[in-house]
Each structure stands twice: as structure tokens, then as C-alpha cells.
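In what follows, a single structure is set out as C-alpha cells and then discussed.
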Amino acid sequence: VQLQASGGGLVQAGGSLRLSCAASGRTFSNDGIGWFRQAPGKEREFVGGIALSGGTTSYADSVKGRFSISRDNTGNTVYLQMNSLKSEDTAVYYCAAKRWVSAPIREGSRYDYWGQGTLVTVSS
């Protein structure tokens, strides 16, 4: 099983980026995908997640209304659309997969698979 996160980069405050998480190696249609981030000197935090079977999403309060998660038709690529970016959104962003979920999972320790991170830098 592999998860590949991509799409990070440098963006000005107020701008947008779309991150992608491509999953391979198994069928993910009944799994959950979570997005997490870790800023320098800080702990990893939950950003948002989606339960692929029903499309239910959940977001951290800090990104609610600015970030959104979607998936492609295969369910094997999940996107994190980030709008109105702020300097405090600067972090390495990771995607993770949890097998057999019916609702998004916020606890990173419960995820089964992790991808490598992609760096998002928001300049003020």
C-alpha cells in the first residue's frame, strides 16, 4: 500500500493550493483518508478527513470554511483544496489511510498507512 501526497509549494497569503493524495495497492472504497500537518516545532495536527464510502467529511476548526476535501471517481485520489491561506497554515502536510471506516477519524494514531509529506509554505 502506498500513499503519495503532492501539490505543495510556496504561495502568498490569501492564495490557494490543491494537494493530492494518490493511493495504490488496495481498494480504498471503504476506507477513510485523513489530512494532517506538522509545522516546525509543533505537534502533528488533524486538518480534515473523508470517509470514502459515504463521502462524509470533517475539518479542524482552524481550517473550516477555507479547506475542503474531495475525491475522484475511483476513490483512489483524494484532494485537499486550500483557500484563503494564512501564514499559520505553513507546514508539512501528510495524508493517511484508515481501513474500513464509516466516518472520518481525527486521531492520527488510528491510521494504518501514511504517505510522505508535502511542504506548504505561505508567505505573508
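The values are calculated or read from the model by the stated rules, or taken from the named source; none is laboratory data. For clarity, every value in this text was computed on a predicted model and none was experimentally measured. Using ideal geometry, Cβ is built from the backbone for each residue, glycine included, and neighbour counts are taken over all protein chains shown. Only protein heavy atoms, including side chains, enter the accessible area calculation; ligands, DNA and RNA are left aside. Shrake-Rupley method; radii C 1.70, N 1.55, O 1.52, S 1.80 Å.
Within the stretch 58-75, which residues are at pLDDT below 95 and farther than 20 Å from Ser29 by Cα?
none
Pairs needed: first member in the stretch 91-109, over 10 Å from Ile50 (Cβ atoms); second member anywhere, open to solvent by 50 Å² or more (accessible area, probe 1.4 Å) and among the aliphatic types (A, V, I, L, M); C-beta distance under 9 Å; at least 6 residues apart or different chains.
That search, which allows pairs on different chains as well, returns Ala91/Leu119; Val92/Leu119; Tyr93/Leu119; Ala97/Val1.
Take Ser58 and decide whether it is closer than 26 Å to Ser124 by Cβ, open to solvent by less than 50 Å² (accessible area, probe 1.4 Å) and either basic (Lys, Arg) or assigned to a strand (DSSP E or B) (or both).
On the way: closer than 26 Å to Ser124 by Cβ: no; open to solvent by less than 50 Å² (accessible area, probe 1.4 Å): yes; either basic (Lys, Arg) or assigned to a strand (DSSP E or B) (or both): yes.
Considered against the rule, which asks whether it is closer than 26 Å to Ser124 by Cβ, open to solvent by less than 50 Å² (accessible area, probe 1.4 Å) and either basic (Lys, Arg) or assigned to a strand (DSSP E or B) (or both), Ser58 comes out as no.
Please determine whether any residue of the stretch 89-108 is in contact with an Asp or Glu (Cβ under 7 Å, 6 or more places away or on another chain), within 17 Å of Thr27 (Cβ to Cβ) and among the small types (Gly, Ala, Ser).
Taking the stretch 89-108 as the starting set, the residues that turn out to be in contact with an Asp or Glu (Cβ under 7 Å, 6 or more places away or on another chain) are 97-101.
Filter once more, keeping what is within 17 Å of Thr27 (Cβ to Cβ): 97-101.
Now drop any that are not among the small types (Gly, Ala, Ser), which leaves 97.
There is at least one residue in the stretch 89-108 that is in contact with an Asp or Glu (Cβ under 7 Å, 6 or more places away or on another chain), within 17 Å of Thr27 (Cβ to Cβ) and among the small types (Gly, Ala, Ser).
Given the residues Ser53, Ser68, Ser6, which is the only one that is without any contact (Cβ under 8 Å) to a residue 60 or more places away in the chain and under 11 Å from the mean Cα position of the chain (by Cα)? Break it down stepwise before answering.
Details: Ser53 fails: under 11 Å from the mean Cα position of the chain (by Cα); Ser6 fails: without any contact (Cβ under 8 Å) to a residue 60 or more places away in the chain.
Unique residue meeting the criteria: Ser68.
Across the stretch 76-90, which residue is farthest from Gly48 (Cα to Cα) among those that are hydroxyl-bearing (Ser, Thr, Tyr) and modelled with pLDDT of 95 or more?
Taking the stretch 76-90 and keeping what is hydroxyl-bearing (Ser, Thr, Tyr), we get 77, 79, 84, 87, 90.
Going one step further and asking which of them are modelled with pLDDT of 95 or more, we end up with 79, 84, 87, 90.
On the way: Tyr79: 11, Ser84: 16, Ser87: 18, Thr90: 16 Å.
The residue in question is Ser87.
State yes or no: is Leu119 open to solvent by less than 60 Å² (accessible area, probe 1.4 Å), outside any helix (DSSP H, G or I), at pLDDT 95 or above and not small (Gly, Ala, Ser)? Working first, answer last.
On the way: open to solvent by less than 60 Å² (accessible area, probe 1.4 Å): no; outside any helix (DSSP H, G or I): yes; at pLDDT 95 or above: yes; not small (Gly, Ala, Ser): yes.
Criteria not met by Leu119.
For the subset of the stretch 31-53 comprising residues that are in a loop (DSSP other than H, G, I, E, B) and open to solvent by 60 Å² or more (accessible area, probe 1.4 Å), which member is farthest from Thr90 (Cα to Cα)? Before you say what the answer is, go through the steps one by one.
Going through the stretch 31-53, the residues in a loop (DSSP other than H, G, I, E, B) turn out to be 31, 39-44, 52-53.
Still in the list and also open to solvent by 60 Å² or more (accessible area, probe 1.4 Å): 40-44, 53.
Numbers: Pro40: 9, Gly41: 12, Lys42: 11, Glu43: 13, Arg44: 12, Ser53: 30 Å.
Among those that are in a loop (DSSP other than H, G, I, E, B) and open to solvent by 60 Å² or more (accessible area, probe 1.4 Å), it is Ser53.
Determine if the stretch 10-20 includes at least one residue that is at pLDDT below 95, farther than 24 Å from Ser124 by Cβ and open to solvent by 10 Å² or more (accessible area, probe 1.4 Å). Can you show your working first?
We begin by selecting, within the stretch 10-20, every residue at pLDDT below 95; these are none.
No, that holds for no residue.
What number goes with the only condition from (1) on the phi < 0 side of the Ramachandran plot; (2) modelled with pLDDT under 95 that Gly55 does not pass?
Every listed condition holds for Gly55 apart from (1).
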